[in-house]
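Worksheet: the structure to be examined is printed underneath.
We did not get these values from a lab; they are worked out from the coordinates using the rules stated. This is a predicted model, so every value here is computed, not measured. Don't worry about glycine lacking a Cβ; one is built from the backbone with ideal geometry, like all the others, and counts go over all protein chains shown.
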Amino acid sequence: MARPLIERRLSEIGERLRRLRADVAVTEEQISHLADEADEARVRHLVSETPLSERGRREADGQVHAMSRHREDLLAEVLRLEITQDELLDRMTVER
């Protein structure tokens, strides 16, 4: 692979990594907020023990779980791109 092509790919990957890391930070903030809401829903359910409060608790827990899965997907993509970035850097070093 030609050096200019490798440099362009590295630049693209670097930009994508910056965006993904920003997304991870936002997602972690959302998880924290949703976890607080889920805790409040659990307390409300313990106090009232109604079907409506149970549904609210389940929904809140589901939102935390879904956002956690999303975070894991983002982190997996970050890892994949970091590996690709390392491989491209290795190619650049070998081609010198």
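Working note: Karplus 6.51/-1.76/1.60 with θ = phi - 60° gives the stretch 20-32 the couplings 5, 5, 5, 4, 4, 4, 5, 4, 5, 5, 5, 4, 4 Hz, where Gly and Pro are set to x.
For the stretch 3-88, with equal point scatterers placed on the C-alpha atoms only and solvent neglected, what are the log10 I(q)/I(0) values from the Debye formula at q = 0.10, 0.16, 0.18 1/Å, to two decimals? Here log10 of I(q) over I(0) equals -0.41, -0.68, -0.77. Computed from Cα atoms, the angle from the helix 51-95 axis to the main principal axis of the chain rounds to 10 degrees.
Other residues whose C-beta falls under 12 angstrom from the C-beta of S53 contribute a net charge of +1, scoring Lys and Arg +1 and Asp and Glu -1. Set the Förster radius R0 to 25 Å, insert the Cβ-Cβ distance between A2 and V78 as r into 1/(1 + (r/R0)^6), and round the FRET efficiency to 0.05. Between A2 and V78 the formula returns 0.40.
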